[in-house]
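Following: one structure in structure tokens, then a few remarks.
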Amino acid sequence: MQDSRLPPFHAALLHPRYALNWLGLCLLWLLVTLLPWRAQMALGRGLGRLSMKVLKSRVKVARRNLELALPELTLAEREHLLRGNFESVGCALFETGMAWFWPDWRMRALTRMEGTEQVDAAAAKSQGMLLLSAHFLTLELNARQFGLYRPGVGVYRPNTNPVLEYAQVHGRCRSNKYLVDRLDIKGMLKALRAGDALWYAPDHDYGSHASVFVPFFAVDKAATITGTATLARVKNTVTLPCFTLRERDGYRLVVQPPLAGFPTGDDEADAIAGNRVLEAAIRQAPEQYMWLHRRFKTTPEGVPYRY
């Protein structure tokens, strides 16, 4: 199932400068292999609470994001959500290990899938599937779980550390075909034209280039890239919202019906439509979203910096 483009192991990866990287990966492998899932989640929540004392700058960013995005909540409600968000950050560390190291049978045991009929319908027509997703803290599991049903192609940012790059590519391709650099537009188009499922998360702030300023949560002018509509215009392609939510007894992989009438050809209208879909998904489990990123850092002329 793995693609020939997987990076090979070579002796340079064993250089002493990478000893701590290998030690960390081995420790993560041991923990996710030996511990029951509930124990991992309990440790993750504790680690997340501890991280709030260490990652003070990230706490500040997340708190500001919640203030900007969810002003309808009281201060106490946002602080409660902030704490839950960092607990989820800790859980995400173990979930990354699960996605990279668990065998298929163990992954399936905690996975409940909804909407796979949407995937079957698209596959029956040999359609490319643009999986419209978001940066949930369960994103590593999302790609792994979807691949258990139908192997696809992931869009990612290569790591400059060769050991971590080796680990993430091999881990993410355990049940998927291969990965495409987030800057490789031609590679993404090729995957869709071949009838593959392409995992794509356009919800971060990537600057003003190829972006429009449209509403996202309570922020009226949030920089939103137009790449979703660009990819959706590939002939014989459907856009399927897809995300994974952590629940009390495991995970729920959700694939929603294709976006109707998308794209329209109007960049702003299409960006608004995409943001609405992602916002609705995030509101189902806001504590599981990656609020640590400066989502609203890019502002239009005349609007002051938000952080």
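The values are calculated or read from the model by the stated rules, or taken from the named source; none is laboratory data. Just so it is clear, the structure is predicted and the values come from calculations on it, not from any experiment. Counting neighbours? That spans all protein chains shown, and the Cβs are built from the backbone with ideal geometry, glycine included. Just the protein is used for accessible areas: all its heavy atoms, side chains included, with ligands, DNA and RNA removed. Shrake-Rupley method; radii C 1.70, N 1.55, O 1.52, S 1.80 Å.
No solvent, one uniform scatterer per C-alpha: report log10 I(q)/I(0) for segment 125-174 via the Debye equation at q = 0.25, 0.28, 0.31 1/Å, two decimals. Computed log10 I(q)/I(0) values: -1.09, -1.23, -1.32. Pairwise inverse Cα distances across segment 204-307, averaged and inverted, put the Kirkwood hydrodynamic radius at 15.0 Å. Applying the Karplus relation 6.51 cos²θ - 1.76 cosθ + 1.60 with θ = phi - 60° to segment 58-68 yields 3J(HN,Hα) values of 6, 4, 5, 5, 4, 4, 5, 4, 5, 5, 6 Hz, where x marks Gly and Pro. Between G115 and V255, the built amide H atoms are under 5 Å apart, and every one of these is 5 or more places off in sequence or on another chain.
For A197, the residues whose modelled amide H falls within less than 5 Å of its own, excluding neighbours fewer than 5 places apart on the same chain, are M129, V153. How much of the accessible area of segment 73-205, in percent, comes from carbon and sulfur atoms when a 1.4 Å probe is used? Using a 1.4 Å probe with all protein chains present, segment 73-205 comes out at 54 percent carbon and sulfur. If you plug the beta carbon distance of K186 and R283 into 1/(1 + (r/R0)^6) with R0 = 35 Å, you get a FRET efficiency near 0.50. Of all lysines in the structure, those lying under 22 Å Cα to Cα from K297, and not within fewer than 8 positions of it along the same chain, are K56, K60, K221. Each principal axis of the Cα atoms in the chain has its own extent, and those three values, largest first, are 50, 49, 38 angstrom.
Each residue of segment 1-111 gets 174 Å³ once the volume of the Cα convex hull is shared out per residue. For the chain, the solvent-accessible area works out to 48 Å² per residue, with a probe of 1.4 Å and every protein chain left in place. Taking amide H positions as modeled 1.01 Å from N, with prolines and chain starts lacking one, the residues under 5 Å from Y206 and 5 or more places away or on another chain are I225. For segment 84-95, putting each phi into the Karplus relation 6.51 cos²θ - 1.76 cosθ + 1.60 with θ = phi - 60° gives couplings of x, 5, 6, 4, 5, 4, x, 4, 4, 4, 5, 5 Hz, in residue order, rounded to whole numbers and with x for Gly and Pro. For the pair segment 72-86 / segment 282-307, the C-alpha centres are spaced 15 Å from each other. For a test of the definition: using alpha carbon positions, the gyration tensor, and the 1.5 limit on a/c, classify segment 60-190 as rounded, prolate or oblate. Because a/c hits 1.5 or more and a/b exceeds b/c, segment 60-190 counts as prolate.
Under the criterion of Cα pairs below 8 Å and six or more residues apart, the relative contact order for segment 1-89 equals 33 percent. Note that segment 199-215 has calculated 3J(HN,Hα) couplings of 7, 8, 10, x, 8, 7, 8, 9, x, 7, 5, 6, 10, 10, 9, 9, x Hz, one per residue in order, obtained from phi through the Karplus relation 6.51 cos²θ - 1.76 cosθ + 1.60 (θ = phi - 60°); glycine and proline are x.
Does segment 123-254 classify as rounded, prolate or oblate by the C-alpha gyration tensor (a ≥ b ≥ c root eigenvalues; a/c under 1.5 gives rounded; else a/b over b/c gives prolate, otherwise oblate)? Since a/c stays below 1.5, the shape of segment 123-254 is classed as rounded.
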